[in-house]
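**Q** Below you'll find the structure I mean.
Please treat every number below as a calculation from the coordinates, not as lab data. Computed from a predicted structure; not experimentally measured. Positions of Cβ are generated from backbone atoms using ideal geometry, with glycine treated the same way; all protein chains shown enter the neighbour counts.
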Amino acid sequence: MPKDADAKAGPAHVAIIMDGNGRWAQKRGRPRLFGHHAGARRVREIVEACPQLGVKYLTIFAFSTENWKRTQSEVAGLMSLFRKYLKREADDLYQNGVCVRFIGDRIRLDDKLVALMDDLELRTAENDRVHLTVALNYGGRDEVTRAAKRLAFEIEQGRLTHQDVDAETLAGFLDTHVLPDPDLVIRTSGEARISNFLLWQSAYAEYEFVDTLWPDFTAEEFASVLNSYAKRDRRFGAARVCE
Ligand code: FPP
């Protein structure tokens, strides 16, 4: 992303921490998974809204490296939801020109889910209308650690030297190496923290914390968050220019 990116043009890359599914379900006296299913329906609406809103890249946080601490039944329910979602949505994503990618460590994910992820990535690789990146078993620290390990291996093998190590080289080993940095990170549900999401990539991102629980986050509210982003003054560390 160019360092003089103009907020008025709207964010090209929006990243979302989809929080509040559990509370949404609890408010209705239903199990947490009911909220996750409602959250999955909202994903579709937000992805479909992107082209019209000028959002070329959308990255969503579906499952963190810390989410394994949840009960076994919630984790299993989420994994089953991801499998069903990928099967059910694959055709529409492909036909709607969405290029789907996954970031995160696949090592702990089950083989069936990984096969669905691989298939969808391959099938949609040539699409360019919207780039949807799903963070699954993703943690920012884990991603940087894995990148550092791969970089160290390249040095060990003699393909790089320590002199080659700079921010650009390290970024080339991150899961997101083909993506621009996010311009805007949105978190729903009223929590104001980043929970290990895109730590490296969001160094200069703008943040928006909204109270709405994820299953209630509509395309209209998405558009209004983008409108408020457009009024921001992004300086990337430079001084404000006085007229
Ligand atoms: C956080 O809400 C949400 C998650 C950990 C799961 C996010 C998953 C979805 C939105 C499901 C669909 C995603 C895809 C890609 C199909 P929470 O459970 O922490 O809510 P709480 O803070 O209210 O408990």
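**Q** Could you give each residue of the range 53-62 its phi-based ³J(HN,Hα) in whole Hz, using Karplus coefficients 6.51, -1.76, 1.60 with θ = phi - 60°, and x for Gly or Pro?
**A** 8, x, 8, 8, 10, 10, 10, 10, 8, 9
**Q** Let me ask something else. For a quick check: with amide H placed at 1.01 Å from N, whose amide H comes under 5 Å from Val185's, ignoring anything fewer than 5 positions away on the same chain?
**A** Ala15, Glu206, Tyr207, Glu208
**Q** Amide H neighbours of Gly10 under 5 Å, at least 5 residues apart or on other chains, H built in the peptide plane: list them.
**A** Under 5 Å from the amide H of Gly10: no residue qualifies.
**Q** Additional query: Counting pairwise Cα distances across the range 1-94, what percent come out greater than 15 angstrom?
**A** So the portion of pairs separated by more than 15 Å is 68 percent.
**Q** Which ³J(HN,Hα) values in Hz, rounded to whole numbers, follow from the phi angles of the range 30-41 under the Karplus curve 6.51 cos²θ - 1.76 cosθ + 1.60, where θ = phi - 60° and Gly and Pro get x?
**A** Result, rounded to whole Hz: 10, x, 4, 5, 4, x, 5, 5, 5, x, 5, 5.
**Q** Let me ask something else about it. Using only the Cα atoms, work out Rg/Rh for the range 89-139, with Rh taken as the Kirkwood radius, to two decimals.
**A** 0.98
**Q** Between Ser224 and Ala125, what length comes free when the chain is fully extended (0.36 nm per residue of separation minus the Cα-Cα distance, one decimal in nm)?
**A** Taking Ser224 through Ala125 to full extension adds about 32.6 nm, to one decimal.
**Q** Need one number: convex hull volume per residue for the range 136-190, Cα atoms only, in Å³.
**A** Each residue corresponds to 109 Å³ of Cα convex hull volume.
**Q** Would you kindly derive the ³J(HN,Hα) couplings of the range 210-222 from the backbone phi angles with the Karplus curve 6.51 cos²θ - 1.76 cosθ + 1.60 (θ = phi - 60°), listing them in order in whole Hz, with x for Gly and Pro?
**A** Each residue's phi maps through the Karplus curve to give 10, 6, 4, 6, 3, x, 9, 7, 8, 4, 5, 5, 4 Hz.
**Q** Taking other Cβ within 10 Å of each residue's Cβ, how do Ile194, Ile46 sort, fewest first?
**A** Final ranking by Cβ density, sparse to dense: Ile194, Ile46.
**Q** Please count, across the chain, the pairs of lysine residues with Cα atoms under 19 Å apart that sit 8 or more places apart or on different chains.
**A** Value for the chain: 6.
**Q** Same structure again: Pairs of alpha-carbon atoms within less than 8 angstrom and 6+ residues apart define the contacts here; what relative contact order does the chain have, in percent?
**A** For the chain, the relative contact order is 31 percent.
**Q** In addition: Inverting the mean 1/r over all pairs of different Cα atoms, compute the Kirkwood radius of the chain and quote it in Å.
**A** 19.0 Å is the Kirkwood radius here.
**Q** Now a separate question. If you take every residue apart from Thr188 with its C-beta less than 10 Å away from the C-beta of Thr188, what net charge results, scoring Lys and Arg +1 and Asp and Glu -1?
**A** Local charge sum for Thr188: -4.
**Q** If you don't mind, there's one more thing I want to ask. Can you tell me the length gained on complete extension of the stretch Tyr207 to Lys27, counting 0.36 nm per residue apart and subtracting the Cα distance?
**A** 62.1 nm
**Q** What is the ratio of the Cα radius of gyration of the range 84-185 to 2.2 N^0.38 Å, where N is its residue count, to two decimals?
**A** Against the empirical 2.2 N^0.38 Å value, I get 1.24 for the range 84-185.
**Q** Take the chain, connect every pair of alpha-carbon atoms lying under 10 Å apart with a spring to form a Gaussian network, then pick out the residue of Arg193, Arg101, Arg159 with the largest mean-square fluctuation.
**A** Of Arg193, Arg101, Arg159, the most mobile in the Gaussian network model is Arg159.
**Q** Restricting things to alpha carbons, find the Rg to Rh ratio for the range 169-243 using the Kirkwood radius for Rh.
**A** On the Cα set of the range 169-243, Rg over Rh gives 1.02.
**Q** What value, in deg cm²/dmol to 500, does the helix sum -39500 (n - 2.57) over DSSP H runs of n ≥ 4 give at 222 nm once divided by the residues of the chain?
**A** Mean residue ellipticity at 222 nm (helix-derived): -13000 deg cm²/dmol.
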